[in-house]
Amino acid sequence: MMKFKSFLAKPYASIVYSRIRKGMGTAVADQQAILQQLLKTGARTNFGKDHGLKDVKTYDEFRQAIPIRDYEAFKPYIEQIKEGQQNVLWKGKPIYFAKTSGTTSGVKYIPITSDSIHNHIDTARNALLCYMAHSGNSSFADGKMIFLSGSPTLERVGGIPTGRLSGIVNHYIPRYLRSNQLPSYETNCIEDWEEKLDKIVNETIKQDMTLISGIPPWVQMYFDWLQERSEGKKIKELFPNLQVIVHGGVNFEPYKPKLLESLGGEVDFIETFPASEGFFAFQDTLPEEGLLLNTSSGIFYEFIPAGEIFNEHPTRLSLADIKVGENYALIVNSNAGLWGYNIGDTIRFVSTDPYRIVVTGRIKHYISAFGEHVIGEEVDTALMQAAQEHNAHIVEFTVAPKINTDGELPYHEWFVEFEQAPDNIAAFAHSVNQHLREKNIYYNDLINGNILQELKINVMKPHAFIEYMRSIGKLGGQNKVPRLGNDRVIADALEAWVQN
């Protein structure tokens with residue numbers, strides 16, 4: 001019997017894919033049109049009046065009028081919205097606040113408006129439709145799908161429904177997919193991650209799962225629990241029709257070997273780049289590197305060379321001016337009412353026809369205690385290359401500077417949890433060190449100049465990072481362990497889980 005949902009999805013996927021292909025050729029023009037739309041609406045807001053937006057006509061004038069801000073600098077406007085004021089950052093009031101925990105700001109409340117909600121919903125849908133159109137596979141639409149997400153229970157802040165972005169988006173899953181969706185609404189509302197995961201395993205272990213979506217470390221934890229419950233069965237034995245894993249939020253490469261080992265069979269992976277501030281990019285094709293930048297969805301992007309982000313007057317570029325291979329801080333202006341907003345992520349373009357990016361790290365997640373400015377992409381790559389050479393499988397890791405060393409030269413201290421440890425940790429550490437030197441000339445110079453010694457690796461106890469996240473109340477959901485710290489806050493806490 002022909003499966004109804006996958007049959008209907010195919011022509012729809014083809015239409016949407018054609019529209020996206022067409023948009024690839026008009027990206028720069030679409031960005032200019034979005035800027036004009038934003039200015040027109042923004043001019044009538046409190047923010048627009050404070051910044052003279054009614055007189056701004058060009059991107060040059062826009063750069064003069066709008067400073068780059070992080071959440072702290074935006075907070076006074078968010079407070080106005082919480083007090084019940086209308087037309088503060090965008091027309092009317094936000095329909096939601098996406099609640100997210102910042103590393104420096106405590107809890108952040110990111111507005112989502114009736115105009116910006118479509119960016120989150122439509123882009124998630126488009127990622128799957130592009131996959132259907134490009135791969136020809138739509139049969140997963142007939143099976144069960146799981147979205148490992150935050151609770152859809154919303155509180156009210158200043159009268160505005162507020163919750164995790166993934167919980168908000170959960171309310172918009174189309175009715176025709178509700179019957180396919182797991183876990184149940186009641187299970188999804190459980191706040192405690194381990195209690196929730198236990199229920200998710202109970203509800204899904206005997207189902208015909210065809211799609212799984214979530215942040216890689218929590219997908220892996222779900223797989224671990226499934227395997228424990230099924231006496232070690234591979235995931236593809238439990239779910240023979242599992243075809244697609246949708247992931248985002250962290251660099252996938254360090255998790256990939258262990259996920260493939262747990263799966264024990266072929267699936268397709270679709271990478272996405274969602275955040276509370278917007279759904280920025282998604283993988284539109286399986287073989288090509290990079291994620292297609294979402295250039296016609298209510299967001300006007302700016303790009304600042306990553307090394308200039310903390311300058312008083314950094315270079316600000318629009319899409320037309322970017323270069324392939326450069327590392328940029330991503331700045332967004334959007335119909336959610338964000339203006340010159342530094343989201344904290346760095347990206348690099350791998351192509352301009354179409355505009356495809358890779359996410360290279362977090363602005364605040366770097367090490368430059370000695371002037372080396374090592375970024376996330378560099379440590380990820382160095383570790384993965386060494387792991388391949390030494391047949392090691394990584395579960396999780398983080399890196400910090402070790403400055404106070406009792407007379408030794410300082411060094412980078414790595415905390416690595418292995419699924420499969422290398423035979424020789426010292427040789428493995430040397431290999432990681434060599435790859436990092438190749439990736440970062442400043443780090444290489446510091447080693448050559450005897451200012452730093454080679455990095456050292458601490459082997460962590462099993463489940464060390466899960467235990468650490470539990471200890472700080474951030475287990476599960478959308479929470480991630482920072483890979484890099486320029487201080488010792490995480491490193492000092494992790495010392496409790498180092499294997500002797």
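One residue stands out among those in region 275-313 that are of a type in the set (D, E, K, R) and without any contact (Cβ under 8 Å) to a residue 24 or more places away in the chain: the one that is least open to solvent (accessible area, probe 1.4 Å), which is 308. Could you go through region 160-171 and let me know if any residue there is more than 29 Å from residue 201 (Cβ to Cβ), open to solvent by less than 10 Å² (accessible area, probe 1.4 Å) and in contact with a helix residue (DSSP H, G or I) (Cβ under 8 Å, 6 or more places away or on another chain). Scanning region 160-171, I find at least one residue that is more than 29 Å from residue 201 (Cβ to Cβ), open to solvent by less than 10 Å² (accessible area, probe 1.4 Å) and in contact with a helix residue (DSSP H, G or I) (Cβ under 8 Å, 6 or more places away or on another chain), so the answer is yes. Applying the set (1) touching a residue at least 24 places away in the same chain (Cβ under 8 Å); (2) open to solvent by less than 20 Å² (accessible area, probe 1.4 Å) to residue 456 leaves exactly one unmet item: (2). In region 382-429, of all residues being among the polar types (S, T, N, Q) and open to solvent by 40 Å² or more (accessible area, probe 1.4 Å), the one that is modelled with the lowest pLDDT corresponds to 404.
Condition test on residue 71, is it under 24 Å from residue 345 (Cβ atoms) and either open to solvent by 70 Å² or more (accessible area, probe 1.4 Å) or touching a Ser or Thr at 6+ places or on another chain (Cβ under 8 Å) (or both)?
On the way: under 24 Å from residue 345 (Cβ atoms): yes; either open to solvent by 70 Å² or more (accessible area, probe 1.4 Å) or touching a Ser or Thr at 6+ places or on another chain (Cβ under 8 Å) (or both): yes.
Against the criterion (under 24 Å from residue 345 (Cβ atoms) and either open to solvent by 70 Å² or more (accessible area, probe 1.4 Å) or touching a Ser or Thr at 6+ places or on another chain (Cβ under 8 Å) (or both)), residue 71 qualifies.
Screening residue 447 with (1) touching a residue at least 24 places away in the same chain (Cβ under 8 Å); (2) surrounded by 17 or more Cβ atoms within 10 Å (Cβ to Cβ) gives one miss only, at (1). Quick check, is residue 139 in contact with a Leu (Cβ under 9 Å, 6 or more places away or on another chain), among the polar types (S, T, N, Q) and in contact (Cβ under 8 Å) with a residue 40 or more places away in the chain? In short, no. One residue alone among 154, 182 is in contact (Cβ under 8 Å) with a residue 40 or more places away in the chain and out of contact with any His (no Cβ under 7 Å at 6 or more places or on another chain), and that residue is 154. Residues in region 107-129 include at least one that is modelled with pLDDT under 90, under 18 Å from the mean Cα position of the chain (by Cα) and farther than 16 Å from residue 246 by Cβ. Of all residues in region 78-99, at least one satisfies being open to solvent by 40 Å² or more (accessible area, probe 1.4 Å), under 30 Å from residue 489 (Cα atoms) and under 23 Å from the mean Cα position of the chain (by Cα). Which one is farthest from residue 222 (Cα to Cα) among residues in region 424-464 that are charged (D, E, K, R) and touching a strand residue (DSSP E or B) at 6+ places or on another chain (Cβ under 9 Å)? By that ranking, first place goes to 454.
Scan region 459-478 for residues that are loosely packed, with under 15 Cβ neighbours inside 10 Å and at positive phi and jot them down. I'd like the intermediate steps shown before the answer.
Taking region 459-478 as the starting set, the residues that turn out to be loosely packed, with under 15 Cβ neighbours inside 10 Å are 461-462, 470-473.
Listed by number, the list holds a single entry, 473.
If only residues of region 199-213 that are open to solvent by 10 Å² or more (accessible area, probe 1.4 Å) and of a type outside the set (Val, Ile, Thr) are counted, the one that is farthest from the chain's Cα centre (by Cα) is 206.
Looking across 104, 58, 41, one residue alone is modelled with pLDDT under 95, β-branched (Val, Ile, Thr) and open to solvent by 10 Å² or more (accessible area, probe 1.4 Å). It is 104. Screening region 12-103 for helices (runs of 4 or more DSSP H) wholly inside it with 1 or more residues that are in contact with a strand residue (DSSP E or B) (Cβ under 8 Å, 6 or more places away or on another chain), in contact (Cβ under 8 Å) with a residue 40 or more places away in the chain and more than 28 Å from residue 291 (Cα to Cα) returns the ranges 71-82.
The set of residues from region 156-183 being part of a strand (DSSP E or B) and either under 24 Å from the mean Cα position of the chain (by Cα) or under 19 Å from residue 126 (Cα atoms) (or both) comprises 161, 162, 163, 181, 182.
The values are calculated or read from the model by the stated rules, or taken from the named source; none is laboratory data. From a predicted model like this one, the values you see are computed outputs, not experimental measurements. Cβ: placed from backbone, ideal geometry, glycine included. Neighbour counts: every protein chain shown. The accessibility values were calculated without ligands, DNA or RNA, using every heavy atom of the protein model including side chains. Shrake-Rupley method; radii C 1.70, N 1.55, O 1.52, S 1.80 Å.
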